[in-house]
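One structure below.
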Amino acid sequence: MPIFDLLNSQGSFEPEEVAKLGQVFEDVLQTLGLVDRKDAMTAMVAKKLFELAEAGVREPVRLKALTVQAFNLTPPREQA
């Protein structure tokens, strides 16, 4: 899975953190409707989640929200 390869190769996360980040990754993929683990978009999600976690965002709900937000392709609605 892309997230575990990325997290384990960096060596900056404890095993418990890797497990939590893996779960957040799965939640994000489900939210975005991504099922193909070999899809380039899946790798992009893994990289974004990793970047956020490396920057210090470790709380799962916030990490998920920020990662999903980064891939929200819906154009913003105009305000009246």
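No lab work stands behind these numbers, since they all come straight from the coordinates. All figures in this text were calculated on a predicted structure; none of them were measured in a lab. Every residue, glycine as well, gets a Cβ built from its backbone with ideal geometry; the counts of neighbours run over all protein chains shown.
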Cβ-placed point charges (K, R +1; D, E -1), dipole of the chain about Cα centre in debye, nearest 20: 200
Taking 7 Å along the Cα-to-C-beta vector as the label spot, tell me the A70-R58 distance in nanometres, rounded to one decimal. 1.8
Along the charge dipole of segment 1-59, pointing to its positive end and built from +1/-1 on Cβ of Lys, Arg, Asp and Glu, which listed residue (A40, F13, L52) has its Cα farthest out? A40
Per its Cα gyration tensor (rounded if a/c is under 1.5, else prolate when a/b beats b/c, else oblate), segment 2-70 is best filed as oblate
L34 and E51 label points (each 7 Å along its Cα→Cβ direction) are spaced in nm at 1.3
Rounded to the nearest 500, what is the 222 nm mean residue ellipticity of the chain from helices alone, with -39500 (n - 2.57) per DSSP H run of 4+ residues and division by all residues? -21000 deg cm²/dmol
